[in-house]
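The values are calculated or read from the model by the stated rules, or taken from the named source; none is laboratory data. What you see is a predicted model; the values in this text were computed from it and never measured. In this analysis, Cβ positions are derived from the backbone assuming ideal geometry, glycine residues included, and neighbour counts consider all displayed protein chains. Side chains included, ligands, DNA and RNA excluded: accessible areas come from the protein's heavy atoms. Shrake-Rupley method; radii C 1.70, N 1.55, O 1.52, S 1.80 Å.
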Amino acid sequence: MSTVKFYKEEHQVPLEMHKVRIVQKLFLLPIEERLKKMNEAGNNTFLLQNKDIYMDMLTDSGVNAMSDNQQAAMFQADDSYAGSETCNRLKKAIQDVMGISGFLPAHQGRACENILAETFCKPGDVVPMNFHFTTTKAHITRLGAEVVELVAQKGLQADSMDPFKGDFDIPRLKQFIQENKERISFLRIETGTNLIGGQPISMANMLEVAQICKDNGIISVMDASLLQDNLYFIKTREAAYKDKSTKEIMHELCAAMDITYFSARKLGFARGGCICSNNADLLLKMKEYVPLFEGFLTYGGMEVRSMEAIAVGLYETLDMEYISQGPLFIEHMIKELDAYGVPVVKPAGGLGVHLDASKFFPDMPHNQYPAGALAAAMYIAGGIRGMERGTISEQREPDGTERYAELELLRLAVPRRVFTLSQIEYVADRVKWVWDNRHLVGGLRFVEEPSVLRFFFGRLEPVNDWQEKLVAQFRSDFGDSL
Ligand code: F0G
């Protein structure tokens, strides 16, 4: 995106500094078909088929558009089991872009988390973090350790306008360390904090937390999966970094951490995962798990062509014209929805637009899953696939009781360099329609509930005939329009 000023200021919109050269045909089914598909998918958007979706806003993971340079690089992949030149090129890119000298490859972000947990966590341990991510927590708890969230209060207030809602609560962190130091496996800093609405964490806060770790002999681990958006926010929201280059910011940040890992399905516009560190001893501890779980040390389960794409994509994460696109599209949509009165997480963060389902349906019981109900309603209303980020995404307590999410959100992810602004406008329009008809939307209940990561493949049904009523209202408002 550029800072080009429009002649007519009232028409100012984010302006792309790239063009589309490969396209994929999309289909929008009639609403009656969408209702049918939603129910066949157990009211779980993960179980929908891509061919039945118009706007796939499930995730930004592995669905970002590649650049011409990434595609070109894939042709030179050195496809050997061991010692491939591709691995050396990726290593060099990590060194150049992040300033980190060593890395271990893994097939995706959660594979890095598996290796980190296997290496450092044992029963009774704790892993403090600003906020958990689903797969991170599952790996840590699987090994009998516990996750403790220390995000500042503002992070849990959907309407707080603080620019860095992913920040740690430093006094709580210090106290926690004082009381639990011996049990801490490592501390995890999540950039672009996913489950609280893609909200960034400030450079000042991250550097302070890393220093606290150093002072206490605790390993600091940064999850950089969403660092691209966070980098944009540091540069645009944090005065001290306004005049620093994205590369300078990246280097300063990574130098402060003991370990930096990322899902390259997000960072780097490709697919894969990397655990990076300047500390050879730490890498050595984790190393043996790579051939055990992932693949040989020079590919770690990644397709070699993807490694080439990551190497080029990492350089692109330093380019403000690329990395501003997601945040600016998100901001555009949030401004429009907010002006209409739709409850959204503010200020605009990275990753996507987050609708506050608890405010859509203040009277819906928590155990009828407001965010899940909103996800089903959005697909029915517009062929738009979002992701429930509320109670369904939580794990039940060990005794089987529901653990209610602190935020009931529907995430409409904005994959990078993928959608056009008119498509974003369409989504905003259909969100407004659902908001105006929210009184028609009812809850969901489980009919099949897996015990781990239930949001991926659990099946639910509507508690009554609210979905048919929503379809009837759509027909009355839109006639025979799709
Ligand atoms: N960390 C964060 C912050 C993530 O957002 C994700 C994935 C992972 C780790 C795991 O990476 O998918 O490559 O195994 N987030 C995806 C999402 C799934 O849709 O938000 P992965």
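In this structure segment 330-408 gives 32 Å² per residue of accessible area when probed at 1.4 Å with all protein chains present. The share of accessible area on the chain that comes from carbon and sulfur is 51 percent, using a 1.4 angstrom probe. For segment 68-321, the per residue solvent-accessible surface stands at 37 Å², with DNA, RNA and ligands left out and a 1.4 Å probe. The local environment of Ile22, defined by Cβ-Cβ distances under 12 Å, has a net charge of +3 under the rule Lys, Arg +1 and Asp, Glu -1. Across segment 155-167, coupling constants 3J(HN,Hα) worked out from phi with the 6.51/-1.76/1.60 Karplus curve, θ = phi - 60°, read x, 9, 9, 4, 9, 5, 9, 4, x, 10, 7, x, 4 Hz, and Gly and Pro carry x.
A protection proxy built from the mean count of other Cβ atoms within 10 Å ranks the segments 323-333, 215-225, most packed first, as 323-333, 215-225. In sequence order, segment 446-459 has phi-based couplings of 5, 10, 9, 10, x, 7, 10, 6, 5, 5, 5, 9, x, 10 Hz under the Karplus curve 6.51 cos²θ - 1.76 cosθ + 1.60, θ = phi - 60°, and Gly or Pro positions carry x. I need the shape label for segment 131-279. Rule: rounded when a/c is under 1.5, else prolate if a/b > b/c, else oblate, with a, b, c from the alpha carbon gyration tensor. Cα axes put segment 131-279 in the rounded bin.
From helices alone, the chain scores -12000 deg cm²/dmol at 222 nm; the rule is -39500 (n - 2.57) for each run of n ≥ 4 DSSP H residues, then divide by the residue total. Normalised by the number of residues in the chain, the average gap of Cα pairs under 8 Å and 6 or more apart makes the relative contact order 22 percent. A dipole drawn for segment 68-321 from +1 and -1 charges on Cβ atoms has a positive end, and of Asn88, Ile218, Phe233 the residue lying farthest that way is Ile218.
Shape call for the chain from the C-alpha gyration tensor, a ≥ b ≥ c root eigenvalues: rounded (a/c under 1.5), prolate (a/b greater than b/c) or oblate? Cα axes put the chain in the prolate bin.
Ordering Met98, Pro163, Thr317 by Cα displacement along the dipole of segment 68-321 toward the positive end leaves Pro163 in first place; charges were set at the Cβ atoms of Lys, Arg (+1) and Asp, Glu (-1). Oblate is the label for segment 68-321. Its Cα gyration tensor axes, ordered a ≥ b ≥ c, give a/c of at least 1.5 and b/c at or above a/b. Taken about its Cα centre, the chain carries a charge dipole of roughly 420 debye when the Cβ of each Lys and Arg holds +1 and the Cβ of each Asp and Glu holds -1.
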